[in-house]
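**Q** Sending over a structure as structure tokens; questions will come in a sec.
The values are calculated or read from the model by the stated rules, or taken from the named source; none is laboratory data. Every value quoted in this text rests on a predicted model; they were computed, and no experiment measured them. Heads up, the Cβs are rebuilt from the backbone with ideal geometry, glycines too, and the neighbour counts pull from every protein chain shown. When the accessible area is computed, the model is the full protein with side chains, heavy atoms only, and any ligands, DNA or RNA have been set aside. Shrake-Rupley method; radii C 1.70, N 1.55, O 1.52, S 1.80 Å.
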Amino acid sequence: MTPTESPFEAYRVPNTLEPMTYESNGGFAEGLLRSPTGKIFPVVNGIPDFVISHDLHDSDFASLDWYRDNAATYDDFLPLTFRTLKVDEWVERQKIIKELRLQPGLRVLETGCGSGRDSMLIANEMVEGELHLQDVSEEILLLAVEKFQDASVGPSVHFARANGYALPFPSDYFDRTFHFGGLNTFGDKVLALAEMARVTKPGGLVVAGDESIPDWIRDSHFAQILMNSNSHFSHPVPLDAIPRCASNLKLQWIMGDAFYLISFEKREGEPEGDFDFEIPGWR
């Protein structure tokens, strides 16, 4: 993983979107990012930390505690979900990544990247370009960093710790924005999806998904076992949280109909129609 000449150039102060300058403490890996109004964010081991605690919800703090306690065994237990659903983890992940319609040279964000299992697949598909990986959990993010340390991938890869509700990037910056597997833990899905859309360019693509059993099989034995063992499977698809700028939206159920995947293009401005013409016939 080779850092670009300006690895922190893309970052903005969360919420205010002020630009920042990097001040080194003796190298690329240690220092701080400072805005013109004096906001400061530390950079440790090359990873800036933008987490703002007052933006988080109680459910987010609960998730942080869970990830802190389970980071050491996270990658050991995650494949059990795929085994339970009788699907091949890497086949399913590749199907999900294909929905991003990746091309060489794109600028891609994976928000809530977790331990980097999808991240590596994305990097291998991109060939070249710019890949940003973000998560709110320091312990889980470091697992993703470790996966990339000895990997040879085409795009430049940048890591940041940040809230999904206040992404540290300019608006209209990414060609693709991706999130899979954490929406059910977000305290504010509306704001999380709005931020994914905000940082995506008009015409760009947002792809997101998580656990959810569709209505037509919720009374099945299969669904009842899943929902009783993990309440996240009982969460509805957050269609009421889709931002107004979403266009050409596609919703599908995957992985044995136990997960959903939403993809949409970002539209610039409001929907438009031609309503100023005469309709023939009697009215």
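**Q** I need to check one value: relative contact order of segment 137-208, counting alpha carbon pairs closer than 8 Å and at least 6 residues apart, in percent.
**A** 35
**Q** If I model a spin label as a point 7 Å beyond the Cα along the Cα-Cβ vector, how far apart are those points for GLU128 and ASP76 in nm?
**A** Modelled inter-label distance: 4.2 nm.
**Q** Highest mean first, what order results for 179-187, 41-49, 121-129 on Cβ atoms within 10 Å?
**A** Sorting 179-187, 41-49, 121-129 by mean packing, highest first, produces 179-187, 121-129, 41-49.
**Q** Using a 1.4 Å probe, how large is the accessible area of LYS147, given in Å² and rounded to the nearest 10?
**A** Here the accessible area works out near 70 Å².
**Q** For segment 185-283, calculate the relative contact order in percent as a whole number, restricting contacts to Cα pairs under 8 Å that are 6 or more residues apart.
**A** That works out to 35 percent.
**Q** Now a separate question. Give the label of the value calculated from the structure for P(r) over Cα pairs in 5 Å bins from 0, in percent, choosing from (1) 1, 5, 10, 13, 13, 12, 11, 8, 7, 6, 4, 3, 2, 2, 1, 1, 1, 0, 0, 0; (2) 1, 5, 11, 16, 18, 17, 13, 7, 4, 3, 2, 1, 1, 0, 0, 0; (3) 1, 5, 11, 15, 17, 18, 16, 11, 5, 1, 0.
**A** Correct label, based on the coordinates given: (2).
**Q** So what's the back-of-envelope 222 nm ellipticity for the chain, counting only DSSP H runs of four-plus at -39500 (n - 2.57) apiece and dividing by all residues, rounded to 500?
**A** -7500 deg cm²/dmol
**Q** Go ahead and set up a Gaussian network model of the chain, Cα springs under 10 Å, then flag whichever of LEU100, LEU249, LEU80 fluctuates most.
**A** Checking each option, the largest mean-square fluctuation is seen for LEU80.
**Q** What is the diffusion coefficient of segment 1-139 in µm²/s, taking the Kirkwood radius over Cα pairs and the Stokes-Einstein relation at 20 °C with a viscosity of 1.002 mPa s?
**A** In µm²/s, the coefficient rounds to 123.
**Q** Name the residue from TRP282, PHE222, LEU251 whose Cα lies farthest towards the positive end of the charge dipole of segment 212-283, charges +1 on Cβ of Lys and Arg and -1 on Cβ of Asp and Glu.
**A** Going by the Cα projections, it comes out as PHE222.
**Q** Given TRP90, ASN45, VAL13, which one lies farthest toward the positive end of the charge dipole of segment 1-117, if we put +1 on the Cβ of every Lys and Arg and -1 on the Cβ of every Asp and Glu?
**A** TRP90
**Q** For segment 84-237, report the % of Cα-Cα distances exceeding 23 Å.
**A** 39
**Q** Here's another thing I want to ask about it. Counting Lys and Arg as +1 and Asp and Glu as -1, each charge on the Cβ, what is the dipole of the chain about the Cα centre in debye, to the nearest 20?
**A** 300
**Q** Mind scanning LYS95/LYS147; LYS39/LYS250; LYS147/LYS201; LYS98/LYS147; LYS86/LYS201 and naming the pairs with a C-alpha gap bigger than 30 Å?
**A** Those over the limit are LYS39/LYS250; LYS86/LYS201.
**Q** May I ask which residue of LEU131, GLY203, GLY154 lies farthest towards the positive end of the charge dipole of the chain, with charges of +1 (Lys, Arg) and -1 (Asp, Glu) on Cβ and the Cα centre as origin?
**A** Looking along the dipole axis, the top candidate is GLY203.
**Q** Determine the distance separating the Cα centre of segment 168-236 from the Cα centre of segment 116-139; give it in Å without decimals.
**A** Each part's Cα centre sits 18 Å from the other's.
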